[in-house]
Amino acid sequence: MLVKSYLAVVAAIILAVSSISQGAPPRNDSPSPIVVAHRGLILDAPENTLASFKACLELGFGFELDVQRTRDGHLMCLHDTTLDRTTDGKGLLASLTRYQTVGLDAGEWFSRRFRNERLPGIDQVFALIASYPKSNPIYAVDIKLKDKQVEADLVQLAKKYEVLDRLLFIGNTIQDEGVRERLWKADKSVQMAAVAHDSKELLVSLAHPQTNWVYVRYLPSAEEILKVHKQGKKIFIAGKTVAGQEPENWRHCIRHGIDAILTDYAIELGREIRQSIK
C-alpha cells in the first residue's frame, strides 16, 4: 500500500506542477533558495509520511521532519506527542513500542487516497533521503525531545545512512545551548542553527561559534543577509513572513539570497522561484 500511496501523491502533484520540476533538482550551490516543505507537502499529502516526503524528493524540494520517541527508544517521525491528530491511534507515542506503531494508519485522516500510510521511523526517512543521492536540498530535522540522548542517536542514524551532510538540525537546537553542545559532541561537522527573532538577535546568532546557519523568524534586510554570508554562514527563514502565501516576501528572499525557506506552500514557492530566475 505504501508504494501505491507514493505513486498516487507523486503522480497527482507532479501532474499539477510539472512546470516546476524541469531539469535536475536544485543543489546547495544554486543561486536560488532551497524550498523546504513544512512537514512535507502538508497541504497536498498527510504530514510527516514517506509518501509526502517522497513527493518532495521527486520535485527537488527539501522538507522538514519532526522527531519523537517510542517507549522502547525508537525515533519516529511525528509532530505531536500524541497519536490522535494524525493517526487512527490514541494517546502518547511514548506509551507504545515501535512494534505497536506498525499497524497505525497515518494517512486516512487526510484523505482516503492515503489509507494505510504508516507512521515512519526516522531510520526510514533517512533511508528514503539516501535513496536520492543526486538530490541535495536541506532536510530540516526538528528535534522535539529533551531526553539528552536524541542528538547522538540522530547523528548515529544519519551517519549510518550517509545523509548527515544534507541535514540541518532545528527545533530545540535553535535556542537550547545544551542541544547544540550535544550535537557538536556527536559530530563537529553537523549543520545547526541558532534563532534570530529580530535584528538584535541576529548579531548574537551570527556570533555563535558552533552554528553554520542562522534561523530567522523575521524578514531580514538585504544588508543583514549580506552580513550573514560574509561571515560564511547561511540563512534559513521560517515563520509567518514566509509560511503562508507571501509572494512579496518570497521575492525579497529570492532577490537577496536567502538560502532556504520553510513554508506550507512549497509548490507555490517553487513556482515563484522558477519564474524569478528565468
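Every number here is computed from the coordinates shown, using simple stated rules; none is lab data. Keep in mind that this is a model prediction, so the values were computed, not measured. Quick reminder, even Gly has a Cβ in these numbers, built from the backbone with ideal geometry, and neighbours come from all protein chains shown.
With contributions of -39500 (n - 2.57) from each DSSP H run of at least four residues, the per-residue ellipticity at 222 nm computed over the chain stands at -10000 deg cm²/dmol. Once you list every other residue whose beta carbon is under 13 Å from the beta carbon of K160, what net charge do they have if Lys and Arg are +1 and Asp and Glu are -1? Taking every Cβ under 13 Å from that of K160, the sum is -3. Rounded to the nearest 20, the size of the Cβ-charge dipole of the chain about its Cα centre is 400 debye, with Lys and Arg at +1 and Asp and Glu at -1. Note on E47, E272: ascending count of other Cβ atoms within 10 Å places them as E272, E47, the fewest first.
Spatial offset of region 217-271 relative to region 100-169 amounts to 24 Å, using the alpha carbon center of each.
Relative to one another, the C-alpha centroids of region 170-204 and region 35-73 are positioned 22 Å apart. In the elastic network of the chain, a GNM with C-alpha springs shorter than 10 Å, the most mobile of Q245, Q191, Q231 is Q231. Summarising the strand pairing of the chain, around 15 percent of its internal DSSP beta bridges are antiparallel.
Each of H197, S131, Q156 was scored by the projection of its Cα onto the charge dipole of region 84-204, and the greatest displacement toward the positive side belongs to S131; charges sit on the C-beta of Lys, Arg, Asp and Glu. Using C-alpha pairs under 8 Å with a sequence gap of at least 6, the mean separation divided by the residue count of the chain gives a relative contact order of 18 percent. With K and R counted +1 and D and E -1, the other residues having a Cβ less than 13 Å from that of R180 yield a net charge of -1.
Only the Cβ atoms of Lys and Arg (+1) and of Asp and Glu (-1) were treated as charged; on that basis the dipole of region 58-100 about its Cα centre amounts to roughly 260 debye.
Restricting region 150-205 to trypsin sites (Lys or Arg not before Pro) that sit in a DSSP loop and have at most 14 other Cβ atoms within 10 Å of their own Cβ leaves K188. Would you mind counting up the charge near T97? Only other residues with Cβ under 12 Å from its Cβ, with Lys and Arg at +1 and Asp and Glu at -1. In short, +2.
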